[in-house]
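This report refers to the structure that appears directly beneath it.
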Amino acid sequence: MTENVREQPFFIPESECAFASSRSGGPGGQNVNKVETRVTVAWNIDRSTSVTEEQRLMLREKLKNRIAASGDIILHCGTYRSRLRNKQEVVRRLTSLVQGALIGQPERKETKPSRRARERRLSSKRERAEKKEGRKQPRIPDY
């Protein structure tokens, strides 16, 4: 599972997304008090036909903190004054979130520190030990 599951760009059909709009803050003056430009998208991973079962498991694992109890991934965008631009932006964010989660992490290649790095670490430890030893009160021998 360390390789990329999907090399080609991921696409979520709009028919699988539920869009809602609401009034939002941000730029627009009085316009934001009258017009619903904020867009919310909800995409259900379990009902989606655009992902395989393996991808579904990967998404559930990597996005577990972003998934609501209903199984939806919910994103909002109210950045722009236009509902259309907000919708395009929220779809772009959702796609990029899902794409990022589907890319597997490369396998870690084990390496060991160089001889010079080990020597540097040990000499640093010795110096610290000597510094702390120098802070102690001198011991008076018992005769």
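Values in this text are rule-based calculations from the coordinates and carry no lab data. This structure is a prediction, so every number in the text was calculated from the model and none was measured. So basically every Cβ, Gly included, is an ideal-geometry build from the backbone, and we count neighbours across all protein chains shown.
Quick notes
- Pick from the stretch 46-90, criterion closer than 16 Å to C17 by Cβ, of a type in the set (K, R) and not in a loop (DSSP other than H, G, I, E, B), ranking: nearest to the chain's Cα centre (by Cα): K87
- Among residues of the stretch 17-35, those that are touching a helix residue (DSSP H, G or I) at 6+ places or on another chain (Cβ under 7 Å) and either in a loop (DSSP other than H, G, I, E, B) or on the phi > 0 side of the Ramachandran plot (or both), counted: 4
- Top-ranked residue in the stretch 27-45 [being under 21 Å from the mean Cα position of the chain (by Cα) and among the hydrophobic types (A, V, I, L, M, F, W, C); ranked as nearest to R81 (Cα to Cα)]: V41
- Members of the stretch 91-132 found to be touching a residue at least 60 places away in the same chain (Cβ under 8 Å) and either in a helix (DSSP H, G or I) or not β-branched (V, I, T) (or both), listed by number: V91, L94, T95, V98, Q99, L102, G104, Q105, P106, E107
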